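Everything on this sheet refers to the single structure shown next.
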Amino acid sequence: MAKLVVSFELNGVPTDVLTEPNRSLLEVLRDTLENTGTKEGCGTGDCGACTVLLDSRPVTACLVLAPEVQGRKITTVEGLARGAKLHPVQKAFVEQGGLQCGICTPGMIMSAVALLERNPTPNEQEIRYAIAGNLCRCTGYDKIVRAIEVAAYSAAAQNGAASPNGQVAQTAKTEASKTEVS
Amino acid sequence: MRAFAYHAPSSLAEAVALLDREGDGGKILAGGTDLLIHIKERGMVPRYVLSLRDIKELSAISYDESSGLRIGAAAKLSDVASHPVVLERYPIVGQGASLVGSLQIQNLGTVAGNLCNAAPSADCAPPLIALDASVRVAGKNGERIVPLAGFFVGPGRTVLQPGELVAEVLAPPPPPRSGGSYERFTPRQEMDIAVVGVGSVVQLGQGDRCVQARICLGAVAPTPVRAREAEAVLAGQVLSPELIERAAETAAAEARPITDQRGTADYRKHLVKVLTKRTLTAAWEDARGVEARGNSVWQN
């Protein structure tokens, strides 16, 4: 079939790709653009490993036909860090050990980033709902939830907001003070 | 995915002309969350895909008091579930839309796509059928309005003819003192498919007298079905917990579910009873609540 040009913004950079229409956004990101941070798990929208942001909203890239992103903005895990400075959610996943094998991690982080964009101070239930479409077979989720809480309340603690969970608030304060010192 | 051609027309008229010109073997892509799975996993080989991505008019969600709610075929489930008019006047529609798949799926998928995919368990169908909603279908011979109660033919099959597509979902204005509720049962809270889903809408007259009730059952038949015998138990009667119990038992008796990996027929009948009771009770409260909210406007 005739190839077509798809133009979109990838992590803030205007991007054109020439692709057959029967390829997914995930295939274009990984195979054509060599942005392999986004992972493939199931390929059928069940596991959330390939979660990217489409105009700031989380979607499973395996179920997006590549031509559908014409004119849209895509954010992947590669677009979060600023140089060597990790995004607060990435930093919290590293410091709280919110990962084991790592395949679900980029997708988890994208879902968490999208959550904190629209709800900067989520409670545990809201966090668990936001990552309900992201499966992890290693961690049992608790450390992932903790990492997202810490990312949220480290930012919130700097603005003087209180966490609903005292222990997390304490961790968050400690993390926030480390950030100030460093 | 096997090779196919891709078309993205920029108007509904252009889409209809394209379907007519290209002929058989085309598939409509609204969100793609069912279509891509059919292509990847279930051997579907479309000759061409017609995307709704550039048809701006089909992304709209609008409301007016004479024609009611209009949901464009390309409007995302998440936009429908969070739309102010849906939240205020059609909460039952939002209840269904926000249960489909994950947040990631709701940001891609559409209400019209959920209907056209025609799974017996589709969460958008029972709420809309209980609201007496229709779809506006466009084709080369013009447009037709199809009531959703007569839209489904069987699993994966609808009354849509070759060359036709759903342009909009239409729900009539909610009558005064009416309310609705949709609930489904799944073994886990998220990322699951309904074992049974029930949507109920109740319209009250004087006091608690029920003018009309519509109950739609999902996942208990090849298509979503109205529980008409249970509706007849309620019509014209004064609502009470006992009457709702009787309607719920009637709905369970008239349902003809099958046994499959998600549940046995007997289990599904039990769920029909439980969910019919719950949704009717919630719809009744919602119908009275609408009145209470209306009064408070005047009192303040």
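The values are calculated or read from the model by the stated rules, or taken from the named source; none is laboratory data. Computed from a prediction, not measured in an experiment: that's the story for all the values here. Quick reminder, even Gly has a Cβ in these numbers, built from the backbone with ideal geometry, and neighbours come from all protein chains shown. Just so you know, the surface numbers come from the protein's heavy atoms only, side chains and all, with ligands and any DNA or RNA stripped out. Shrake-Rupley method; radii C 1.70, N 1.55, O 1.52, S 1.80 Å.
Between B:Leu87 and A:Ser56, the simple spin-label model (points 7 angstrom out along Cα→Cβ) gives 1.6 nm. Working ranking of peptides A:101-108, B:194-201 by packing, defined as the average number of other Cβ atoms within 10 Å per residue, highest first, is B:194-201, A:101-108.
Peptide B:31-37 shows a mean partner chain C-beta count of 5 within 10 Å per residue C-beta. Accessible area buried by the pairing of A and B, both sides summed with a 1.4 Å probe, works out to roughly 2500 Å². Ignoring everything but the protein chains, give the 1.4 Å probe accessible area of B:Met191 in square angstrom, nearest 10. Approximately 40 Å² for this residue. Comparing mean-square fluctuations of A:Gln158, A:Gln125, A:Gln90 from a GNM of chain A with C-alpha springs under 10 Å, the top value falls on A:Gln125. Comparing B:Thr281, B:Thr186, B:Ala248 along the charge dipole axis of chain B, the residue lying farthest to the positive side is B:Thr186, per the Cβ-charge model. Positive-end ranking of B:Ser102, B:Ala75, B:Met1 along the dipole of the range B:1-156, with charges on Cβ about the Cα centre, is headed by B:Met1.
Label-to-label distance for B:Arg144 and B:Ser240 is 4.6 nm, based on points extended 7 Å past Cα in the beta-carbon direction. Rounded to the nearest angstrom and listed largest first, the equivalent-ellipsoid semi-axes of the range B:147-300 from its Cα gyration tensor are 28, 21, 15. Simple point charges give the picture: +1 on the Cβ of Lys and Arg, -1 on the Cβ of Asp and Glu, and for the range B:178-299 a dipole about the Cα centre of about 160 debye. Relative contact order, percent, of chain A when contacts are C-alpha pairs under 8 Å separated by at least 6 residues? Taking the mean separation of contacting Cα pairs over the length of chain A, I get 19 percent.
Show me the three semi-axes of the equivalent ellipsoid for the range B:48-144, from the C-alpha gyration tensor (sqrt of 5 times each eigenvalue), largest first, rounded to whole Å.
Numbers: eigenvalues 74, 58, 40 Å².
Ellipsoid semi-axes (Å, largest first): 19, 17, 14.
Three principal axis extents describe the C-alpha atoms of the range B:143-202; from largest down they are 39, 34, 16 Å.
As a size descriptor, the averaged projected area of the C-alpha convex hull of the range B:5-171 was calculated at 9.0 nm².
Note down the relative contact order for the range A:4-79 as a percent, whole number, built from C-alpha pairs under 8 angstrom at least six residues apart. Relative CO of the range A:4-79 lands at 39 percent.
To the nearest ten degrees, helix B:241-254 and the longest principal axis of the Cα atoms of chain B are 40 degrees apart.
How shielded is A:55-66 by partner chains, expressed as the average number of their Cβ atoms within 10 Å of its Cβ atoms?
Going residue by residue through A:55-66 and averaging, the value is 6.
Within 10 Å of the Cβ of each residue in B:104-117, the mean number of Cβ atoms contributed by other protein chains is 4. For a quick check, take a GNM of chain A with Cα springs below 10 Å and name the residue from A:Ala132, A:Ala147, A:Ala112 with the largest mean-square fluctuation. Looking only at A:Ala132, A:Ala147, A:Ala112, the largest GNM fluctuation is found for A:Ala132.
Mind running the shape call on the range A:1-134? Use the C-alpha gyration tensor, a ≥ b ≥ c as the square roots of the eigenvalues: rounded below 1.5 for a/c, prolate if a/b tops b/c, oblate otherwise.
Here the range A:1-134 falls in the prolate category.
Let a ≥ b ≥ c be the square roots of the eigenvalues of the Cα gyration tensor of the range B:80-190; is it rounded (a/c under 1.5), or, if not, prolate (a/b larger than b/c) or oblate? Since a/c reaches 1.5 but b/c is at least a/b, the shape of the range B:80-190 is classed as oblate. Can you give the direction-averaged projected area of the convex hull of the alpha-carbon atoms in the protein assembly as shown, in nm²? Averaged projected hull area, Cα only: 25.3 nm². Per residue, the average separation of C-alpha pairs within less than 8 Å and at least 6 apart gives the range B:178-299 a relative contact order of 30 percent. Within the listed set B:Gly32, B:Gly68, B:Gly207, the residue fluctuating most in the Gaussian network model of chain B (springs between alpha-carbon atoms under 10 angstrom) is B:Gly207. For chain B, what is the Kirkwood estimate of the hydrodynamic radius, computed as the reciprocal of the mean inverse distance between distinct Cα atoms, to one decimal in Å? Result for chain B stands at 19.7 Å.
In terms of the mean number of neighbouring beta-carbon atoms within 10 Å, the peptides A:148-154, A:9-15 order highest first as A:148-154, A:9-15. Percent of Cα pairs in the range A:4-79 per distance bin of 10 Å, from zero to the largest separation: 22, 62, 17.
When a/c is below 1.5 the answer is rounded, else prolate if a/b is larger than b/c, else oblate, so apply that to the range A:1-43 with a ≥ b ≥ c taken from the square roots of the Cα gyration tensor eigenvalues. It is oblate, given that a/c is not under 1.5 and a/b is not larger than b/c. Ordering B:153-165, B:237-249 by mean Cβ neighbour count within 10 Å, with the highest value first, yields B:237-249, B:153-165.
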